[in-house]
Amino acid sequence: MDNSGNIFREVNEKSDIVKVIAYYLGSDAIVKAGKKYKSICPFHNDSHPSMQIDPEKKFFHCFSCDAGGDTIKFVEKYAHLSSLEALRKVCEICCIPLPADISSYHEKKDVLREKFPEELDALSVLCRFYQLFLQSNDGHLGRKYLEERGIARETIEHFGIGFSPFDPTIAIRSLRNLGYDVPVLERAGILSNSAELKDRYCGRIMFPIRDNDGHVVGFSGRKIQESQDGGKYINYPETELFRKSAILYHFDSAKESARRDGYVYLLEGFMDVIAMQRAGLPSAVGLMGTALTEEHLLALEKLKVEVRLLLDSDEAGQLGEERALPLLLKHRIPTRICWKFDKAKDADEVLTKEGMTELVRQAHRLYSPTMFLLGRKLAGRKALEDSKDLEEFIETSRPYILAEGEVSRIKDLKAIAKRTGLDSDTLQRLYSRPNRESTADQGTEKSFRPIRKKRREGQNDYSNVRRTFDVQLAGRYAAPEAFEKLFGYLGEALHLVIDKEKDVLYREEYGICFVLPQSREAYETFRKSRMVFDIEAFNVFADLVGNIYLEDQDLLRFGKDEYDRLLSSLSEGDAGKGEEDEADPFDLDGLEGSDVDLGVDEKAYLSQIVEIQKNLTQSWYDSRKFQRSIDLAKKLFALRHYDDTRSLRKSSSEGETREERLKRRKMVQEIKKASQNI
């Protein structure tokens, strides 16, 4: 028998709806009106109290937008929670014991705990050990460091910050005394060398890292004295429990406040997240130095709130925001971008130099993706006068401006008009036309067949794809032959499904990725194109290549040392450098700061590409062919994601006009023509 209805009815009858609504809106927002109460409705743009609250019937109703329901429904609607999560929250707010029958209604099966119970317990115990040691007499150096950084006790407790003893045997010995076997500690990532039984983090401030469900799955240790061995931070090794690409730092704590606030800040490093928490902005999560992944996006999507991009203010951070936008758009996650920080690189630096008030002020300076892309296109110029630049900007920003609300769109069009010399009506007409890079018709599939046929007949530079290749034997082939065989191995190595629609796109992306280290000019062309690879592993590869170029402004093309650095970063383990990095792993300025989150097959595959590049005696880079390849890849990428973009247009429900179909067919012809010259 299903008793779920009885459980919800029981909790609702015991609840105090006024108390629950005041918890979310604040007691000042609720005004008594006879036996009932009134409040501003949070579910529409309400200018006067139009929501009535009936404490006897446990019911709310808005006379303007018609929102209404019981206590649990309010929490479910306001905080974007499931029914069961909302029920639990009402019980928590009103101090109602959970019904006995609720044990049969599980929101989510804890698969990780079922599979690794001892490992998770060991990590949790170690986390508590570090916390207690920080507060002991022997932890005074750790406390002193945190005090100097201005990190208060409540912040330390919130993030579970601890301190590892200088004696590397104490923590491990304590775990062993509690009965945790060496194999358990190894699987948990606590031990890396079972022969020594030593704590790799000795004498460091310890930041526990929890997965999105709240399990402690890893740590990051920061040294407190310059004389200590190793880099500033020590990364946690990848384990079956800890995969950085699947974790957003602080997500487990921030998800509830984010649902309440209606937004979540996305930052780079965990110290930036801590800075936001200290400034009273708890709805903040961190990428911990990785690129935005599909698993990150799925977690953010489930929050159903606005994502506010607040990556570092340097070029690497701004480029990261630019590359994140199409991914967020693809998942239909509402997004705004914070302005670059004034005279600071990140949130932690603003807090340290300027204080909490200034960090809050700067964090609330938000603008739309359209305005962010305009600023990137202007690149310091006062106006966008070049016709080609303007056309490219309109094509790039179209899906974002069409996704905006009416008020935001009008404001953005006025701002664009001011910087381009075009009037708002002209811009409106330009944006309402079909996007040349985002449209397709029923003849598209047929039109692409000659392109694929030409490539398979050997009529361009990267021709004659062969599908059988053993990645371990790449060194036995000549460079051009290995190049072709590696493309044939692409799908298996990167776990992709390559069908006839994706074949041309993936080949272009592969060729572009291959050429990037061979010429700074090629990388600059790629960077200025604002291109995003459909293959995520290639985005990581391009970031690593770009970071090396950014570090050495005189470097014209990669030599042996640069290729060796790429190979090191792509090797298995902690970015190929062992357990102790020379730089902050959450800093994206340099190659060493970019922890590579790729699978073993992906790392091996990209490493083989690098090996081939090292052995080339001359560059394959040709500026005209490379630019045409980028243009074609961008069009193919946009064409692939046409449905995601087109669905955002209000006119999509009306169908396309004859003029739109003709323009789309013209775009297909442009792609065919461009491909013939590559």
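The values are calculated or read from the model by the stated rules, or taken from the named source; none is laboratory data. All values reported here derive from a predicted model rather than from experimental measurement. Positions of Cβ are generated from backbone atoms using ideal geometry, with glycine treated the same way; all protein chains shown enter the neighbour counts. Each accessible area value is taken on the protein alone, full model and side chains, heavy atoms only, with ligands, DNA and RNA left out. Shrake-Rupley method; radii C 1.70, N 1.55, O 1.52, S 1.80 Å.
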The stretch 350-382: which trypsin sites (Lys or Arg not before Pro) are DSSP loop and have at most 15 other beta-carbon atoms within 10 angstrom? ARG365, ARG381, LYS382
Extending each Cα 7 Å along its Cβ direction at SER408 and LYS528, get the distance between those two points in nm, one decimal. 3.1 nm
Length gained if SER568 through LYS19 is fully extended, taking 0.36 nm per residue and subtracting the Cα-Cα distance, is 191.9 nm
Amide H neighbours of TYR265 under 5 Å, counting only residues 5+ apart in sequence or on other chains, H built in-plane at 1.01 Å? ALA284, VAL285, ARG308
Once phi is turned into ³J(HN,Hα) by the Karplus curve 6.51 cos²θ - 1.76 cosθ + 1.60 with θ = phi - 60°, what whole-Hz value does each residue of the stretch 169-179 show in order, with x for glycine and proline? 9, 5, 4, 5, 4, 5, 5, 5, 5, 7, x
Env charge @ PRO334, Cβ radius under 12 Å, K,R +1 / D,E -1, value +1
Measure off, as a whole percent, the carbon and sulfur share of the 1.4 Å-probe accessible area of the stretch 316-433, all protein chains present. 53 percent
Please report the Cα spread of the stretch 91-200 along all three principal axes, rounded to whole Å, starting with the longest. 49, 38, 20
Within the accessible area of the stretch 12-95 (1.4 Å probe), percent carbon and sulfur: 49 percent
For GLY218, residues with placed amide H under 5 Å, excluding near neighbours: ILE209
Pairs of alpha-carbon atoms within less than 8 angstrom and 6+ residues apart define the contacts here; what relative contact order does the stretch 197-343 have, in percent? 18 percent
Tell me whether the stretch 42-155 comes out rounded, prolate or oblate; compute the Cα gyration tensor, take square roots of the eigenvalues as a ≥ b ≥ c, and use a/c under 1.5 as the rounded threshold. oblate
Using the Karplus curve 6.51 cos²θ - 1.76 cosθ + 1.60 with θ = phi - 60°, work out ³J(HN,Hα) for each residue of the stretch 136-142 in order, rounded to whole Hz, and write x for Gly and Pro. 7, 4, 6, x, 5, 5, x
For GLY203, what residues show an amide H to amide H distance below 5 Å, using hydrogens built from the backbone and excluding near sequence neighbours? SER164, PHE166
Can you classify the stretch 143-233 as rounded, prolate or oblate using the Cα gyration tensor, where a ≥ b ≥ c are the square roots of its eigenvalues, rounded means a/c under 1.5, and otherwise it's prolate if a/b beats b/c and oblate if not? oblate
Taking all protein chains together and a probe of 1.4 Å, list LEU98, LEU112, LEU297 from the most accessible to the least accessible. LEU98, LEU112, LEU297
Looking only at the stretch 165-179, which residues have a backbone nitrogen under 17 Å from a spot 7 Å from the Cα of GLN228 in the C-beta direction? 165-172
Three-way shape call for the stretch 261-399 based on the alpha-carbon gyration tensor, with the a/c threshold at 1.5: oblate
Just reorder LYS560, LYS232, LYS35 by solvent-accessible area, largest first, 1.4 Å probe, all chains present. LYS35, LYS560, LYS232
Per residue, how much accessible area does the stretch 1-85 show when a 1.4 Å probe rolls over the protein heavy atoms, in square angstrom? 56 Å²
Taking the square root of 5 times each eigenvalue of the Cα gyration tensor, what semi-axes in Å does the equivalent ellipsoid of the stretch 191-231 have, largest first? 22, 16, 6
Estimated vicinal HN-Hα couplings, Hz - the stretch 291-301 in sequence order (Karplus 6.51, -1.76, 1.60; Gly, Pro = x): 6, 5, 10, 4, 5, 4, 5, 5, 5, 5, 4
Which of the residue pairs LYS343/LYS418; LYS198/LYS244; LYS340/LYS560; LYS58/LYS302; LYS330/LYS418; LYS418/LYS635 have a Cα-Cα distance greater than 32 Å in the structure shown? LYS340/LYS560
Normalised Cα Rg of the stretch 183-291, dividing by 2.2 N^0.38 Å with N its residue count, works out at 1.16
